[in-house]
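Q: A single structure is presented below for examination.
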Amino acid sequence: MLLLLFCLFPFVQILSTSLKHQADWGNPSLIPAQLNFEAYKELLGFSQQEVELPETIRMMLESPAISEEQRAAIIKKFTSTSDIFPFGRYMLNTFVISMVTAFLSTLIATFAAYALSRLKFRGRNAFSNTVMFVYMVGGVLLMVPLYQMAVSTGLASTVPGTLICLLLIYLVQTLPVAIYMLGNYFRTIPFSLEEAAMIDGYSRTSAIFAVIIPLSRPMLLTVMFYCFVIAWNEYLFASVFLKQYQDFHTLPLALQTLFSSKNAIWDRIMAASMLTLIPVVIAFSVANRFISSGGTAGGVKE
Amino acid sequence: MSDNIAAQEARLGHRLIAPAALIIALLILYPIFFNLYLSFFDVELNGDKSLVGLNNYKTLLSDGGFYSALWTTVIYLAGTVTGTTVLGLAVALLLNQNFPFKNTVRALVLLPYFAPVISVVFGWQFIFDPVNGIYNHVMVEVLGLVSERQNVIGDPDSALWVVIVFDIWKHFPIAFLLILAKLQSIPSDQYEACAIDGYNAWGRFIHVTLPECRFVIGTVVLLRMIWNLNRFEDVYLLAPNVETLPIYIYFQAFTGVIDQGLAAAISVVQLIVLSGLIWFYVKKVLNW
Amino acid sequence: MAKVTIKNLVKAYNDDVIVKGINLEIKDGEFVVLVGPSGCGKSTTLRMIAGLEDINEGEVEIGDRCVNDLQPHMRNIAMVFQNYALYPHKTVRENIIFGLKKTRVSRQIIDERLAHISTMLQLENLLDRKPADLSGGQRQRVAMGRALARDADVYLFDEPLSNLDAKLRHHMRTEIAKIHKRVQTTSIYVTHDQVEAMTLGDRVVVMQAGQIEQVGTPMDIYLNPRNIFVATFIGSPSMNLLSAVYDAQQQVFKINDASVSTELLSQVNTANLKDGDQVKIGIRPDFFDDERFTQDTEDYWQLKNIMVDLVEPLGFDKEISFHIGGQYVKARLDLRSDIQEDDPIDLVVDPNRVLVFDAETGERI
């Protein structure tokens with residue numbers, strides 16, 4: 001019980017605060033005195049409300065963690081007439097880039113993992129060691145060279161270029177884990193199933209599509225879920241690359257901005273946190289169900 | 001077709017890994033060397049650079065900020081690695097028993113691990129909020145341990161502990177998962193034999209569980225060290241004032257007085273340490 | 001359908017030579033069984049014919065086409081795997097027509113073929129099930145059906161019955177024999193079970209240590225094994241082997257205190273034997289007869305007053321154990337020989353069935 005309390009308390013706290021009125025925040029009770037859905041409504045665009053918080057700007061300028069551009073962007077944001085936090089838009093941005101990452105990464109990883117687990121070729125060990133190494137080297141160590149590469153190729157100065165950079169970075173961050181998971185899974189699929197398909201007139205490549213991929217569907221979904229979550233969570237490179245393109249901010253970046261710009265509005269931040277969390281929880285429960293079902297039972301005699 | 005089947009297979013293999021290999025080469029291997037190269041330059045955000053030789057490294061070694069970041073990182077690593085491993089082991093032992101709703105509880109325990117960092121950090125900040133947070137309420141008003149409400153996250157020293165607890169909370173589930181998988185593979189006759197030999201529960205833990213779990217615990221410890229050395233988001237988003245090495249690099253590279261060359265130099269140092277850990281992991285743990 | 005020609009086939013993994021230069025010609029429509037102990041290279045040979053293993057040296061031809069560098073899907077072959085290798089995500093129906101769909105034959109032909117195959121293998125009621133819901137015997141039949149549905153040049157069988165229990169295996173063996181009699185396809189069948197080899201093969205190829213020991217019809221292999229290995233591998237219970245010495249003076253093979261005259265064994269060519277040469281005399285347990293129930297035994301090898309050590313009744317047959325020249329021997333007699341342990345018996349052997357091998361090389365003399 002204590003364990004569950006420890007694990008789940010922050011989630012309950014987020015949920016509770018997101019539903020509380022401002023006056024209720026200081027109350028340690030987790031049950032809101034009165035349910036308040038305003039924060040959700042506002043974030044999802046059902047109601048609009050003007051918020052004027054001049055002290056925020058002052059606070060911003062004192063914070064050492066905020067760069068010049070960000071400062072300028074924030075000031076601009078506050079001086080502009082419309083002050084709706086476009087949560088839906090950020091969610092869509094994040095969703096799109098996470099989906100694209102998850103899909104492409106799983107696709108590329110499927111090929112690589114298949115080759116690693118099934119085919120003999122020169123350089124196979126070198127490649128698999130490299131994947132292992134990359135799996136453990138965090139992106140944070142390479143942010144300077146990656147940023148400089150993006151600048152010197154000119155990609156960082158345009159929106160599509162920036163998005164491509166970000167996508168590539170997300171791919172390389174998700175590929176190792178995807179290759180690793182899929183490779184292990186493919187090794188559990190009996191090789192004779194592919195042999196049977198090849199005998200039945202399917203080339204090696206079409207055997208992958210006709211046999212391996214349908215058989216791996218639960219695992220592919222799980223891997224996509226992993227990649228999706230990694231991209232959905234990513235903050236560092238989003239903050240480095242997307243800083244000046246406010247319209248293309250992803251949720252982590254947007255939430256951080258929201259947090260530093262409208263400090264007093266806990267309910268909105270918590271509601272936004274909740275909304276960021278929900279897709280992951282849904283994906284988690286779906287993937288969890290898929291992991292336990294399915295498999296290669298029955299096809300071959302053990 | 002003149003190639004034999006083995007050659008055809010090898011060609012297909014090369015074709016299939018090509019996209020992944022290309023991306024990894026372009027975005028990891030090349031940047032590693034480019035990073036080394038940049039560390040000898042004074043680099044501007046817009047890409048202008050001038051050669052400064054080893055100056056960045058000299059600056060680094062004489063910079064108090066670097067040493068304090070190094071020290072923070074060591075404390076952070078020690079705290080989180082110990083915490084996640086011990087808690088993971090304890091929870092794995094606990095949840096390896098049979099009880100109602102076992103699967104539901106296991107899934108719920110995994111939730112912190114899968115939850116996006118960004119969606120939980122604010123919850124944690126709220127808990128420690130000086131005005132509204134429940135932490136201060138409990139500490140000051142209920143238990144009376146502390147005389148007045150504090151801004152726990154605002155102060156880098158105490159924030160470090162919050163960050164450590166947060167990391168343990170968020171990452172012990174993966175330690176738990178790995179250890180649980182190992183526990184479930186220990187054949188029950190080993191415990192039975194040990195029990196017949198006259199050992200109580202504690203003796204069985206010492207003589208059966210621990211030796212069997214030694215490797216997986218070693219794996220957990222090293223992997224947590226390797227990954228926490230790289231950890232950025234969890235720390236930065238919860239308490240940017242806790243300057244572990246990655247955050248120090250980020251500040252050097254993108255905020256305040258921008259010095260990307262220096263940041264590159266720190267990255268090189270960190271990468272060397274990291275490679276050492278990875279080498280150790282591959283050599284020792286994987287070959288155990 | 002097509003013939004299959006194998007020329008000097010070699011397969012090695014690193015320094016380990018698995019198949020050491022095999023030559024074999026399989027005629028159009030012939031059913032050939034490769035048999036041998038595990039590790040003899042029979043499965044590897046089959047997999048090289050299928051294209052699942054790379055060929056190091058030599059050639060495989062299907063029809064008149066060298067298929068060495070063709071991948072399996074281009075060889076127009078069908079195969080039944082030892083573990084069946086059914087696609088777990090597909091129904092029985094989809095499994096059976098999986099290969100047919102790739103050949104772009106018309107929907108109508110596919111349906112006809114499916115109906116035909118499922119009737120033949122009694123799979124009509126299982127077509128919509130998945131492999132996980134089938135019993136072992138049913139899965140085996142689906143695997144057969146999937147291969148037979150194809151219009152292949154060659155049908156390959158890799159120990160298809162070895163995962164079935166004894167009764168089912170016997171049943172499926174008969175089924176395969178019947179099917180082959182009906183469809184007359186070129187088939188290559190790998191097994192370690194000599195009964196399957198004997199009952200199914202038009203010709204049997206006995207392999208050992210990567211080499212072919214003998215190729216022949218089942219009866220030829222049974223009656224005229226070329227060497228000790230083939231003689232003892234085929235037949236159950238195994239052939240008795242008696243160590244003997246050639247005595248040129250007396251024209252006999254001496255088995256310690258017992259002996260048999262070379263004159264009696266007229267089919268044995270003693271021209272190349274020297275006095276004192278070591279030989280092995282091979283007699284199958286089935287070729288001992290009870291003297292009382294055998295006519296015209298004047299030319300037979302007579303074994304008088306044999307003391308029976310052990311009798312193992314098997315129903316119609318019984319196996320008895322005794323000694324010839326101090327060496328342990330088994331014989332199989334039928335119901336009529338009402339013999340008790342520790343009783344004497346008179347036995348006879350048709351000398352034409354007695355085989356003599358060189359003790360050193362193991363070759364027939």
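The values are calculated or read from the model by the stated rules, or taken from the named source; none is laboratory data. What you see is a predicted model; the values in this text were computed from it and never measured. Here the Cβ positions follow ideal geometry from the backbone for every residue, glycine too, while neighbour counts run over all protein chains shown. Only protein heavy atoms, including side chains, enter the accessible area calculation; ligands, DNA and RNA are left aside. Shrake-Rupley method; radii C 1.70, N 1.55, O 1.52, S 1.80 Å.
Q: Can you name the number of the only condition in (1) surrounded by fewer than 21 Cβ atoms within 10 Å (Cβ to Cβ); (2) over 26 Å from the mean Cα position of the chain (by Cα); (3) modelled with pLDDT of 80 or more that residue A:297 fails?
A: With respect to (1) surrounded by fewer than 21 Cβ atoms within 10 Å (Cβ to Cβ); (2) over 26 Å from the mean Cα position of the chain (by Cα); (3) modelled with pLDDT of 80 or more, residue A:297 is out only on (3).
Q: If you check every pair at least six apart or on different chains, which have Cβ atoms under 9 Å apart with a residue in segment A:128-153 that is closer than 13 Å to residue B:230 by Cβ and assigned by TED's automatic domain parsing to the domain that holds residue A:180 first and a residue that is of a type in the set (Phe, Trp, Tyr) and not in a helix (DSSP H, G or I) second?
A: The qualifying pairs are A:138/B:232; A:139/B:232; A:140/B:232; A:143/B:232.
Q: Among B:241, B:228, which is part of a loop (DSSP other than H, G, I, E, B) and surrounded by 15 or more Cβ atoms within 10 Å (Cβ to Cβ)? Outline the logic, then answer.
A: Details: B:228 fails: part of a loop (DSSP other than H, G, I, E, B).
None of the other options fit; the residue is B:241.
Q: Check segment B:40-48 and report whether any residue there is in contact with a Leu (Cβ under 9 Å, 6 or more places away or on another chain), facing chain A (nearest Cβ under 9 Å), of a type in the set (S, T, N, Q) and without any contact (Cβ under 8 Å) to a residue 12 or more places away in the chain.
A: No, that holds for no residue.
Q: Follow-up question, since we're still on this one. For the list (1) in contact with a Phe, Trp or Tyr (Cβ under 9 Å, 6 or more places away or on another chain); (2) open to solvent by 10 Å² or more (accessible area, probe 1.4 Å); (3) in contact (Cβ under 8 Å) with a residue 60 or more places away in the chain, I need the number of the one condition that residue A:247 fails.
A: Going through (1) in contact with a Phe, Trp or Tyr (Cβ under 9 Å, 6 or more places away or on another chain); (2) open to solvent by 10 Å² or more (accessible area, probe 1.4 Å); (3) in contact (Cβ under 8 Å) with a residue 60 or more places away in the chain one by one, residue A:247 breaks only (1).
Q: Which members of segment A:226-244 meet the condition of being open to solvent by less than 30 Å² (accessible area, probe 1.4 Å) and either within 14 Å of chain C (Cβ to nearest Cβ) or under 23 Å from residue A:115 (Cβ atoms) (or both)?
A: A:227
Q: Against the conditions (1) modelled with pLDDT under 75; (2) surrounded by fewer than 18 Cβ atoms within 10 Å (Cβ to Cβ); (3) away from chain C (no Cβ under 14 Å), where does residue A:282 fall short? Just the number, please.
A: Only one criterion in (1) modelled with pLDDT under 75; (2) surrounded by fewer than 18 Cβ atoms within 10 Å (Cβ to Cβ); (3) away from chain C (no Cβ under 14 Å) is unmet by residue A:282, namely (1).
Q: If you don't mind, another one. I'd like to check something: does segment B:195-202 contain any residue that is over 22 Å from residue B:70 (Cα atoms), open to solvent by less than 40 Å² (accessible area, probe 1.4 Å) and either assigned to a helix (DSSP H, G or I) or at pLDDT 80 or above (or both)?
A: First, pick out the residues of segment B:195-202 that are over 22 Å from residue B:70 (Cα atoms): B:195-202.
Going one step further and asking which of them are open to solvent by less than 40 Å² (accessible area, probe 1.4 Å), we end up with none.
Taking every residue of segment B:195-202 in turn, none turns out to be over 22 Å from residue B:70 (Cα atoms), open to solvent by less than 40 Å² (accessible area, probe 1.4 Å) and either assigned to a helix (DSSP H, G or I) or at pLDDT 80 or above (or both).
Q: Here's another thing I want to ask about it. Scan segment A:134-158 for residues that are open to solvent by 40 Å² or more (accessible area, probe 1.4 Å), more than 7 Å from chain B (Cβ to nearest Cβ) and part of a helix (DSSP H, G or I) and jot them down.
A: Result: A:135, A:155, A:157.
One line per residue, one yes/no per condition, for (1) in the same structural domain as residue C:76 (by the TED database); (2) touching a residue at least 24 places away in the same chain (Cβ under 8 Å); (3) open to solvent by 50 Å² or more (accessible area, probe 1.4 Å):
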{"residue": "C:172", "(1), (2), (3)": "yes, yes, no"}
{"residue": "C:177", "(1), (2), (3)": "yes, no, no"}
{"residue": "C:186", "(1), (2), (3)": "yes, yes, no"}
{"residue": "C:192", "(1), (2), (3)": "yes, yes, yes"}
{"residue": "C:199", "(1), (2), (3)": "yes, yes, yes"}
{"residue": "C:207", "(1), (2), (3)": "yes, yes, no"}
{"residue": "C:216", "(1), (2), (3)": "yes, no, no"}
{"residue": "C:226", "(1), (2), (3)": "yes, yes, yes"}
{"residue": "C:245", "(1), (2), (3)": "no, yes, yes"}
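Q: Something else: Please work out which residue is farthest from the other protein chains (Cβ to nearest Cβ), limiting yourself to segment C:43-74 and to residues that are open to solvent by less than 10 Å² (accessible area, probe 1.4 Å) and closer than 19 Å to residue C:32 by Cα. It would help to see each step written out before you state the result.
A: Within segment C:43-74, the subset open to solvent by less than 10 Å² (accessible area, probe 1.4 Å) is C:45-46, C:48-51, C:60, C:62, C:67, C:72.
Narrowing further to those that are closer than 19 Å to residue C:32 by Cα: C:45-46, C:48-51, C:60, C:62.
Values: C:45: 15, C:46: 11, C:48: 10, C:49: 11, C:50: 6, C:51: 6, C:60: 11, C:62: 13 Å.
Among those that are open to solvent by less than 10 Å² (accessible area, probe 1.4 Å) and closer than 19 Å to residue C:32 by Cα, it is C:45.
Q: Restricting to segment B:255-274, and then to whatever is without any contact (Cβ under 8 Å) to a residue 24 or more places away in the chain and in a helix (DSSP H, G or I), can you tell me which residue is most open to solvent (accessible area, probe 1.4 Å)?
A: Result: B:272.
Q: Sticking with this one: Out of segment C:294-308, which residues are farther than 14 Å from residue C:353 by Cα and either surrounded by 11 or more Cβ atoms within 10 Å (Cβ to Cβ) or free of Cβ contacts under 8 Å to residues at least 12 places away in the same chain (or both)?
A: C:294, C:295, C:296, C:298, C:303, C:306, C:307, C:308
Q: Moving on. Taking residue C:150, is it among the charged types (D, E, K, R), over 14 Å from residue C:78 (Cα atoms) and open to solvent by 10 Å² or more (accessible area, probe 1.4 Å)?
A: Details: among the charged types (D, E, K, R): yes; over 14 Å from residue C:78 (Cα atoms): no; open to solvent by 10 Å² or more (accessible area, probe 1.4 Å): yes.
So residue C:150 does not fit the description; no.
Q: Kindly indicate the residue of segment A:174-210 that is under 30 Å from the mean Cα position of the chain (by Cα) and among the polar types (S, T, N, Q) and also nearest to the other protein chains (Cβ to nearest Cβ) among those meeting that condition.
A: A:174
Q: Looking at segment C:326-361, which of the residues that are open to solvent by less than 10 Å² (accessible area, probe 1.4 Å) and assigned to a loop (DSSP other than H, G, I, E, B) is modelled with the lowest pLDDT?
A: C:337
Q: I'd like the full set of residues that are more than 12 Å from the chain's Cα centre (by Cα) and among the β-branched types (Val, Ile, Thr), limited to segment C:189-231.
A: Result: C:212, C:228.
Q: So, one more: Could you tell me how many of the residues in segment C:152-181 are assigned to a loop (DSSP other than H, G, I, E, B) and within 18 Å of residue C:51 (Cβ to Cβ)?
A: Result for segment C:152-181: 2.
Q: Suppose the filter is in contact with a helix residue (DSSP H, G or I) (Cβ under 9 Å, 6 or more places away or on another chain), away from chain B (no Cβ under 11 Å) and surrounded by 22 or more Cβ atoms within 10 Å (Cβ to Cβ); does residue A:166 pass it?
A: yes
Q: Related question: Suppose we keep only residues that are open to solvent by less than 60 Å² (accessible area, probe 1.4 Å) and of a type in the set (Phe, Trp, Tyr) within segment B:55-87. Which one would you say is farthest from residue B:156 (Cα to Cα)?
A: It comes out as B:57.
Q: Take residue C:143 and tell me if it is within 11 Å of another protein chain (Cβ to nearest Cβ), small (Gly, Ala, Ser) and assigned to a loop (DSSP other than H, G, I, E, B).
A: No; evaluated as a whole, the condition is false for this residue.
Q: So, of the residues in segment B:7-31 that are more than 7 Å from chain A (Cβ to nearest Cβ) and not charged (D, E, K, R), which turns out to be least open to solvent (accessible area, probe 1.4 Å)?
A: Here is the first cut: in segment B:7-31, the residues more than 7 Å from chain A (Cβ to nearest Cβ) are B:7-8, B:11, B:15, B:18, B:22, B:25-26, B:29-30.
When the remaining residues are screened for being not charged (D, E, K, R), the result is B:7-8, B:18, B:22, B:25-26, B:29-30.
Values: B:7: 39, B:8: 10, B:18: 47, B:22: 125, B:25: 42, B:26: 90, B:29: 64, B:30: 114 Å².
Taking the candidates together, the pick is B:8.
Q: Identify the residue in segment C:118-130 that is within 14 Å of chain A (Cβ to nearest Cβ) and in a loop (DSSP other than H, G, I, E, B) and, among all such residues, is surrounded by the fewest Cβ atoms within 10 Å (Cβ to Cβ).
A: Checked segment C:118-130; the qualifying residue surrounded by the fewest Cβ atoms within 10 Å (Cβ to Cβ) is C:129.
Q: Out of (1) in contact (Cβ under 8 Å) with a residue 40 or more places away in the chain; (2) farther than 10 Å from residue C:347 by Cα; (3) open to solvent by 70 Å² or more (accessible area, probe 1.4 Å), what's the single condition that is false for residue C:284?
A: Result: residue C:284 fails condition (3) only.
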